[in-house]
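Take a look at the structure set out below.
What follows draws every value from the coordinates through simple rules; no lab data is involved. It should be emphasised that the depicted structure is a prediction, and the values quoted were computed from it without experimental measurement. Note that each Cβ is placed from the backbone with ideal geometry, even for glycine, and that neighbours are counted across all protein chains shown.
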Amino acid sequence: MRIATWNVNGLRARLDFVRFWLDDRRPDVVGFQELKLEDDGFPHEAFNELGYRVETYGQKSWNGVAIASRLPLAVERRGLPGQEEFGARLITARAGDLLFTTVYCPNGKDVDHADFPRKLGWFDALVALVAAESREGELAVLCGDFNIAPQPLDSWLGDKGDGRIFHTDGERQRFQALLDCGLHDLYRARHPDERAFSWWDYRGGAFHRGHGLRIDMVLGSPAVLARTADVWIDRDYRKKKEGLTASDHAPVIVELE
DNA sequence: ATGTCGGAATTATTCCGA
């Protein structure tokens, strides 16, 4: 089974690109972020034609998440309790035997911006939810755009990034708190010393200069880790395809036995 | 050069967010 997470940066603008990727990689379950459209406007037909059912939690203009699945799909939750006013950022569904959650975590903008403490509060609510809902032996996945580089190894800035937005102790403590709930960062578990990124700014030729961050993650419960055969970042899909513009994020793919 | 995108508000141009 192949699962994936991908921040598409606007599904309307990315639809042909996403279809091309789905047809090429054939994942079974995908968490999408930054749809930037309302649920009424979701292009279900395009996904159905490729064999996917989709559950969505969108809003106008910004944010928005969805789970597409070739396996039976039953939605369990839309929205992070107590944080709904911060945008459509979390959806959970059962996909086959997986309890699959995808999140678009707040960006925070800058360490001295009002959104930064709100970002930390959003993570505190996420940690509380994960802690309350985790069940022994469950095949649970929490994937998405976390907007945190957990270690210096996850940033092109290395330890020179420490203290900047995405690189602060406060953000890293929240990410660690998710791991302390029993989740594993599957990419890092599989590739302990690899410097690899999932996001590169559109500006300044960041992709070609290697100026990236690893902020898109697939976290898995111990049962998921035990079934993980491979984890890779689909960097090729950060490049233009057939003249179509890529998202600023690459998909992250996990192969499960 | 904070150099690019996507979307919205308004009508090809500006803003906002990332």
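Just a few scattered comments:
- Helical contribution to [θ] at 222 nm, DSSP H n ≥ 4, -39,500 (n - 2.57), averaged over chain A, rounded to 500: -7500 deg cm²/dmol
- Positive-end ranking of A:Ala206, A:Ser221, A:Ser247 along the dipole of segment A:180-257, with charges on Cβ about the Cα centre, is headed by A:Ala206.
- Here the 3J(HN,Hα) profile of segment A:79-92, calculated from phi with Karplus coefficients 6.51, -1.76 and 1.60 at θ = phi - 60°, is x, 8, x, x, 10, 4, 6, 8, x, 7, 10, 8, 9, 10 Hz, Gly and Pro shown as x.
- Cα centroid of segment A:147-222 to Cα centroid of segment A:98-141, whole Å: 15 Å
- Relative contact order (%) - criterion: Cα under 8 Å, at least six apart; region: chain A: 19 percent
- Under Karplus coefficients 6.51, -1.76 and 1.60, residue-wise ³J(HN,Hα) of segment A:130-145 in Hz, glycine/proline x: 4, 4, 6, 9, 6, 10, 3, x, 5, 8, 10, 10, 10, 10, x, 9
- Choice from A:Phe146, A:Phe116, A:Phe100 showing the highest fluctuation, given a GNM over chain A with Cα pairs closer than 10 Å: A:Phe116
- Simple Cβ-charge dipole of chain A, Lys/Arg +1 and Asp/Glu -1, about Cα centre, in debye nearest 20: 520 debye
- Peptide packing for A:222-235, A:241-254, A:27-40 was compared via the average number of neighbouring C-beta atoms within 10 Å per residue; ordered from the highest value, the list is A:27-40, A:241-254, A:222-235.
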